[in-house]
Amino acid sequence: MVLNAISEIGSAKRVVVKIGSALLVRDGEANHTHLASLADDIAKMKAGGADVIVVSSGAIALGAARLNLPKGGRASLADAQAAASVGQVALAQLWADVLGKHSIQAAQMLVTLDDLEDRRRYLNAAATLERLLEAGAVPVVNENDSVATAEIRFGDNDRLAARVAQAANADAVLLLSDVDGFYDRGPDEEGASLIKRIEGVTPEVIALAGEGSSSGLGSGGMKAKLQAARIAERAGILLAIINGTHASPISKAIAEDRGTVFLPVRADNARKAWLGGRLAPEGVLTVDAGCVAALGDGASLLAAGLTDVEGEFQRGALVSLHGPKGERLGQGLVEYSAEECRAILGLRENEQETQLGYAPRAAVVHRDHMVRT
């Protein structure tokens, strides 16, 4: 199903709804009134025939209050992990209670970055989501902050929501915020205008977000939401930012067609959508201008066009592809280790065997295992 506006989300068959901590928790306690309002919206969507997945923040905030930890549980990694361990229980119970009043079964699903970066684990997560939805449940997904570290984590639930939408083959992602959507400048600035429709997250759109701009959008910030939109648009999924502070915020946004939609600009096959949505490259391959042109025409990345290799990685790792000015071109699965890439850097095929000690492979990154930005 192809959606083009917030007003059309009511006809979606499968929707991921992301809700941040600020909308759910106040001073360490659950905002029961707003939770009930959100549950009303979810029940209404399900009654209309939609599958709904919730990506919910709030575990650390809830757990920190219960453990009386300083700085909202974020004074240290150990505090955050402990707070999450306690808060995940409380958060799951809150969703079970508010959805249970509508006779809807809630299901908790905690994931780590590796669960969606590794192909096999990604497919397992997708299968679990599918079975829960078939059974009529509402999966409540959160990053497993009790084991996540600063180096290996999503870091925000905006990008997590987009990845979950990919895995679930959803039609739309709704990011509930504390402003109406994406503005052409800071929403509090004089003359700021809401942009209702964006076709492709271009460098110009990214520039509008500004350095360090949160735009009132919680810890993930506006740039995290743009990254989420890029993940969604690659998979043919509409992503919308709406104001989640109102009563029945989803119903209100749909009725008023109020918010910002990022339209899908392509529909990669399932594997390429997964590959393009991966968030943790292990290295960077820089190529020359001729290679940039060849990649633009759909070619594989060959060693002859390779000018620099950053990082340490093994064959099969995810690497980022950059042009000569540092511009990001895309990412893909590399056919050689970092050491081997350095050995054949800039060499043509007939020169590579001497350096490798075996016949070279067809490409450094094959076009079938590559996605362009």
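The table that follows gives values for the structure above.
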read-out	value
Cα gyration tensor shape of the chain, rounded if a/c is under 1.5, else prolate or oblate by comparing a/b with b/c	prolate
Mean residue ellipticity (222 nm) of the chain, computed from DSSP H runs ≥ 4 via -39,500 (n - 2.57), nearest 500	-11500 deg cm²/dmol
Accessible area of the stretch 1-118 divided out per residue, in Å², using a probe of 1.4 angstrom	43 Å²
Shape call, the stretch 86-180: gyration tensor on alpha carbons, a/c limit 1.5	rounded
Neighbour-limited loop hits for GluC sites (Glu not before Pro), the stretch 69-154 (at most 15 other Cβ within 10 Å; DSSP other than H, G, I, E, B)	151
Average Cα contact separation per residue, the stretch 237-373, under 8 Å, 6 or more apart, as relative contact order %	23 percent
Net lengthening on full extension, residue 188/residue 297 (0.36 nm per residue, minus Cα-Cα)	34.9 nm
Residue 255-residue 314 FRET efficiency (beta carbon distance; Förster radius 51 Å; 0.05 resolution)	0.45
Set of lysines near residue 18 by C-alpha distance (under 20 Å), chain-local residues within fewer than 8 positions excluded	44, 46, 196, 223, 225, 252
Sparsely packed GluC sites (Glu not before Pro) within the stretch 311-373, loop by DSSP, other Cβ within 10 Å at most 16	312, 327
Label point at residue 33 placed 7 Å out along Cα→Cβ; residues across the stretch 248-265 whose backbone nitrogen lies under 15 Å	248-249
Mean separation of Cα contacts under 8 Å (6+ apart) over length of the chain, as relative contact order %	15 percent
Charge context of residue 133, other residues only, Cβ under 15 angstrom, K/R +1, D/E -1	0
Cα-based shape type of the stretch 169-211, given that a ≥ b ≥ c are square roots of the gyration tensor eigenvalues and the cut on a/c is 1.5	oblate
Per-pair calculated FRET efficiency, R0 = 22 Å: residue 271 and residue 124 via Cβ, rounded to 0.05	0.90
In Hz, Karplus ³J(HN,Hα) per residue of the stretch 261-274 (6.51, -1.76, 1.60; θ = phi - 60°; x = Gly, Pro)	10, 9, 7, x, 10, 7, 9, 4, 5, 4, 5, 5, 5, 4
Between helix 32-47 and the chain: long-axis angle, C-alpha atoms, 0 to 90°, nearest 10	70 degrees
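The values are calculated or read from the model by the stated rules, or taken from the named source; none is laboratory data. Computed from a predicted model, the values in this text were never measured in an experiment. For neighbour counting, all protein chains shown are included, and Cβ atoms are generated from backbone atoms with ideal geometry for every residue, glycine included. Ligands, DNA and RNA are stripped out before the accessible areas are found, and what is left, the full protein with its side chains, is counted by its heavy atoms. Shrake-Rupley method; radii C 1.70, N 1.55, O 1.52, S 1.80 Å.
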